[in-house]
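First the structure, in the form of structure tokens, and then the observations on it.
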Amino acid sequence: MNYRHGFHAGNHADVLKHLVLVALLDALKRKDAAFFVLDTHAGRGRYDLRGDQARRTGEAASGFVRLREAQPAGPPALRAYLEAVAECDPGEAMSYPGSPLLVAHALRDQDRLAACELQPDEAAALKTVLAGDPRCHVHNRDGYAAVKALLPPREGNTRFARGLVLIDPPYEVQEGEYAPIVAALREGLERFPQGIYALWYPIKRRATLQPLMRKIAALPARSALTIELLVRPDDSPLRMNGSGMLILNPPWQLDAAIEPTLRPLAQAMGEAGASWRLTWLKQEPA
Ligand SMILES: C[S@@+](CC[C@H](N)C(=O)[O-])C[C@H]1O[C@@H](n2cnc3c(N)ncnc32)[C@H](O)[C@@H]1O
């Protein structure tokens, strides 16, 4: 595997993914009962925005850094995301948090995180970032297999009634990732049907995603929502023109919280022809 998230951390796709992640965590925290988060593809947890990888691609500069500089007077979910990123940065606004660090930042004493990362050096870096936090466990293992091993979530004899599974694969071969994703979602829903499942996906041409979406819509989740941000028209199959978050069993009013953030995101990070959309693939009967 050649993928290293450091080249992409803080790009427009990370911004969308992490804004939705923070909103999901905020929704889980509306109740006192403990929750469990499984981050199947966790990465190294913190990324240096001044480092070689970030500078080589400039993706953070045209993504998160541009959004932060635009200082959008945004809706609450956008403010919550920007605050969470700032609070995860120990220095002078020079690092960007990965998903496991954003989760760790949100956890309460009773909540737990299991973060899986296949690359040994990335997993070792993540262990350092989360060292000393007894609520967080880093596993140097395949995140898809962890869906079977770690769900339904439990600690000793206690089962967690609530939880979130974040699936954020590298898509080195885009269509090649679809089969393990669908299998993991199916397995997860069987083992932990009440869980929230969040899948990040890249968008080159939107139309090519239809087979994946049809398969996911047929899974036995109560509801399925997609949230997409395209920073340019999806007319090039060679570039990542945008990305999406697919949420199975989304919490109540997630769509209403996220919808007003998408215009300011597109204005800050988009080019001509940027667009956004929220689509229910499946909705619970009223
Ligand atoms: C897109 S990055 C994750 C970024 C992270 N979720 C975040 O938001 O900050 C994907 C990560 O998955 C790792 N990876 C690839 N295949 C994996 C697998 N089967 N199981 C666990 N990790 C995997 C890669 O090494 C990479 O660090």
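Key figures
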| item | result |
| --- | --- |
| Sequence-distant residues sharing a close amide H with His41 (under 5 Å, placed H) | Cys116, Asp168 |
| Hz values of 3J(HN,Hα) by residue in segment 271-285 - Karplus curve (6.51, -1.76, 1.60), Gly and Pro given as x | 10, 4, x, 5, 7, 8, 7, 10, 9, 7, 6, 6, 10, 5, x |
| Ellipsoid semi-axes in whole angstrom, largest first, where each is sqrt(5λ) of the Cα gyration tensor of the chain | 25, 23, 19 |
| Most mobile listed residue (Tyr81, Tyr171, Tyr96) in the chain, GNM with C-alpha springs under 10 Å | Tyr171 |
| Those GluC sites (Glu not before Pro) in segment 127-183 that DSSP places in a loop and that have at most 12 other beta carbons within 10 Å | Glu172 |
| Cβ-based exposure ranking for Met269, Met1, in which fewest neighbours within 10 Å come first | Met1, Met269 |
| Net dipole in debye of segment 5-282 [+1 Lys, Arg Cβ; -1 Asp, Glu Cβ; about Cα centre; nearest 20] | 700 debye |
| Over the chain, relative contact order from alpha-carbon pairs under 8 Å, at least 6 apart, % | 22 percent |
| Rounded, prolate or oblate (a/c below 1.5 giving rounded, otherwise prolate when a/b exceeds b/c) for segment 244-286 by Cα gyration tensor | prolate |
| For Val182, Val15, order by how many other beta-carbon atoms lie within 10 Å, fewest first | Val182, Val15 |
| Charge context of Glu228, other residues only, Cβ under 11 angstrom, K/R +1, D/E -1 | +1 |
| Overall form of segment 1-121 per C-alpha gyration tensor (a/c, 1.5; a/b vs b/c) | oblate |
| Amide H contacts of Arg162 (H built 1.01 Å from N, under 5 Å, at least 5 apart or other chain) | Phe36 |
| Calculated Rg and Dmax of segment 180-286 using C-alpha coordinates, Å | 14.4, 44 |
| Karplus-derived HN-Hα couplings along segment 184-195 (A = 6.51, B = -1.76, C = 1.60, θ = phi - 60°), whole Hz, x at Gly and Pro | 5, 5, 5, 4, x, 5, 5, 7, 8, x, 7, x |
| Dipole axis of segment 5-282 (+1 Lys, Arg; -1 Asp, Glu on Cβ), positive-most option in Pro152, Ser223, Pro100 | Ser223 |
| Estimated inter-spin distance, Met1 and Gln253, nm [label 7 Å along Cα→Cβ] | 3.8 nm |
| Contact order relative to length of segment 1-126, as percent, for alpha carbon pairs under 8 angstrom and 6 or more apart | 43 percent |
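Since every read-out is calculated from the coordinates, none of them should be taken as a lab result. Quantities reported herein were computed from a predicted structural model and do not represent experimental measurements. A quick note on method: Cβ atoms are made from the backbone with ideal geometry, for glycine too, and the neighbour counts reach across all protein chains shown.
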